[in-house]
Amino acid sequence: MSQATLFPNLESRRVVLASQSPRRRKLMTMMGLDVECMARDLDESWPAELEGPRVAEFVARKKAEGYKDVLRDDDVLITGDTVVVLHGKVLEKPVDEAHAKDMLGRLSGQTHIVASAVAVTTLADGIQSVLDTCDVTFNPLSTEFIDLYVGGGTCMDKAGAYGVQDLAGLVGVHSLSGSFYTVMGMPTHRLAGLLAAV
């Protein structure tokens, strides 16, 4: 499927994905989007008074501000952010294996929220963003499973120290209420609406 098939308004326009995430790039390809990936080392902090799922949308919009200088008149920029929220506290990407194991231990047997936001930016219309959430319930995770999973190294670049599309999702996730792709890191069903409107 070509970019023009699902989004005829994007034909001949450059679509920039501000991410090096292979997961987000794969989702863009599945949607028929031919994206140019860029990555910058940006400040992704948020105000102390901001809590919970709203953090994801704040950071997605902040990332968009950090790429505005690369946009040409007809370009479309996509930025996103995902956070895991457990009992109101945001769990970011782990800083090391011990941190990852601690987070997975806290998620074990619990229901948490995954919040993914996406922003679509053009010079003409500015930043348009949406936030989507999904409730995810984990099975109880044994220490042995957590050690095995963290030792595999795939969890270190993921919010909450797990990826729903890998072993943690296959074995650890009991159920989810919402979009699988939101948990994977991109609310594609919401992104489609934003792209259709640019």
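Between Val95 and His174, what is the label-to-label distance in nm when each label sits 7 Å out along the Cα-to-Cβ direction?
Here the modelled spin labels are 3.1 nm apart.
Going by average Cβ density within 10 Å per residue, which order do the peptides 129-138, 178-187 take, highest to lowest?
So the order, starting with the most tightly packed, is 178-187, 129-138.
May I have the count of lysine pairs in the stretch 3-196 with C-alpha atoms under 29 Å apart, counting pairs 8 or more residues apart or located on different chains?
20
Taking 10 °C and 1.306 mPa s as the conditions, I'd like the Stokes-Einstein D for the stretch 38-88 in µm²/s, using the Kirkwood hydrodynamic radius from alpha carbon pairs.
Approximately 130 µm²/s, per Stokes-Einstein.
Quick query: amide H of Val173 versus all other amide H atoms, modeled in the peptide plane; which residues come in under 5 Å with a sequence gap of 5 or more or a different chain?
Asn139
Which of the peptides 52-60, 115-123 is most tightly packed, and how do the rest follow, going by the mean number of other Cβ atoms within 10 Å of each residue?
Numbers: 52-60: 21.2, 115-123: 24.6.
The densest-packed peptide leads the list: 115-123, 52-60.
Only four residue types carry charge here, +1 at the Cβ of Lys and Arg and -1 at the Cβ of Asp and Glu. Report the dipole size of the chain about the Cα centre in Debye, rounded to the nearest 20. Let's see the in-between values first.
Working: 19 positive and 26 negative charges, 61 e Å.
Roughly 300 debye, rounded to the nearest 20.
Using just the helices of the chain, give the 222 nm mean residue ellipticity in deg cm²/dmol: DSSP H runs with n ≥ 4 each add -39,500 (n - 2.57), and the total is spread over all residues, rounded to 500.
Values: 7 runs with 59 residues, N = 198.
It lands at -8000 deg cm²/dmol.
Express in nm, to one decimal, how much length is gained between Arg54 and Asn9 on full extension, taking 0.36 nm for each residue of separation and deducting their alpha carbon distance.
13.2 nm
Values in this text are rule-based calculations from the coordinates and carry no lab data. Note that the coordinates shown come from a computational prediction; the quantities given were computed from them, not determined experimentally. Cβ: placed from backbone, ideal geometry, glycine included. Neighbour counts: every protein chain shown.
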